[in-house]
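These notes are about the structure you will find just below.
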Amino acid sequence: MKIYKTKTYKDMSRKAANILSAQVILKPDCVLGLATGSTPIGTYDQLVEWYEKGDLDFSEVKTVNLDEYRGLTRTDDQSYYYFMHSHLFDRVNIRPENTNVPDGMAENPDAECARYEALIQSMGGVDIQLLGIGHNGHIGFNEPGESFAKETHCVNLTERTIEANKRFFATADDVPKQAISMGIKTIMRARKILLIASGEDKADIMAQALLGPVVPEVPASILQMHDDVVVVADEAALSKIPMQDSIG
């Protein structure tokens, strides 16, 4: 595991974007695993900036997203489909048919989970998976206490996750109670994992995830077992981890 500490969120975003852009340059037809939420927005903005300068070409890139809320249409501005198109897909030259987000409106969620898992495998797997981390240690929507062995599955969101996400909705009652998410097993199959985090409110869980025991109660702790993980986080998020400016 390599850990890079940056001064600010902006520095974190630039470093993370640099790692993703290197993957695109080295393998133009790579498969990127992408995440949503507030943390990666700066990373996507940086990728767009480099694309606009002519430094990046997404025409052969394929993407698979970690998760999607159940019950939100793709036109809903809180759906992750909408998020990805707003922050990245519609701003670069990626082909729409090469982007993939779980279908939150699928009538049969179990069939949709199986379809999505098979899709990832048919693409040869994920070359680099971008992850954020929840305050309870969730990655994707894999909540504490669930098995590490799961592939793409339907998740019942915890009250803490619903509370954390209610800022994006009018009320907590409007937050979907379920989501379709890549499972821990699916995430761990990625060839490389890039975990990003920002803010003092992530300091406790980052310390637990990176230094604590590997337990399902802290889903992100499983990343300690992956052969190729890069962590990019600002000083605040890493404030409870004793380290130099970077650890390799």
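The values are calculated or read from the model by the stated rules, or taken from the named source; none is laboratory data. Every value quoted in this text rests on a predicted model; they were computed, and no experiment measured them. Counting neighbours? That spans all protein chains shown, and the Cβs are built from the backbone with ideal geometry, glycine included. What goes into the accessible areas is simple: the full protein's heavy atoms, side chains included, and nothing from ligands, DNA or RNA. Shrake-Rupley method; radii C 1.70, N 1.55, O 1.52, S 1.80 Å.
Points to keep in mind about this one:
- Alpha carbon convex hull of the range 2-234, projected area averaged over orientations, nm²: 11.6
- Helix-only CD estimate at 222 nm, as mean residue ellipticity for the chain, using -39500 (n - 2.57) per DSSP H run (n ≥ 4): -9000 deg cm²/dmol
- Of the solvent-accessible surface of the range 2-234, computed with a 1.4 Å probe over protein heavy atoms with every protein chain present, carbon and sulfur atoms account for 48 percent.
- In this label model, ASP90 and MET123 are separated by 2.1 nm, measuring between points 7 Å along each Cα→Cβ vector.
- Long-range amide H partners of GLY199 with built H, under 5 Å: ASP234, ALA236, ALA237
- Prolate/oblate/rounded label for the range 83-197 (Cα gyration tensor, a/c 1.5): rounded
- Inter-site label distance for ASN18 and LYS2 at 7 Å from Cα along Cβ, in nm: 1.0
- Centre-to-centre separation between the Cα atoms of the range 62-113 and those of the range 1-56: 19 Å.
- Taking all protein chains together and rolling a 1.4 Å probe, MET1 ends up with roughly 80 Å² accessible.
- For the range 144-190, applying the loop criterion from DSSP together with a ceiling of 16 other beta carbons within 10 Å to the chymotrypsin sites (Phe, Trp or Tyr not before Pro) yields PHE169.
- Among 29-42, 88-101, 119-132, the order from most to least packed when residues are scored by Cβ within 10 Å on average: 29-42, 119-132, 88-101
- A crude spin-label estimate for the pair LEU26 and ALA114, with each label 7 Å from Cα along the Cβ direction, gives 3.7 nm.
- With a Förster radius of 30 Å applied to the C-beta separation of GLU52 and THR75, the computed FRET efficiency comes to 0.70.
- In percent, rounded to a whole number, the relative contact order of the range 2-234 is 25, using alpha-carbon pairs under 8 Å and six or more apart.
- The range 1-112 - accessible surface per residue (Å², probe 1.4 Å): 47
- Residues GLN178 and GLU97, FRET efficiency given R0 of 25 Å [Cβ-Cβ distance, rounded to 0.05]: 0.40
- Residues THR171 and GLU107, FRET efficiency given R0 of 22 Å [Cβ-Cβ distance, rounded to 0.05]: 0.25
- Net lengthening on full extension, SER147/GLU235 (0.36 nm per residue, minus Cα-Cα): 28.6 nm
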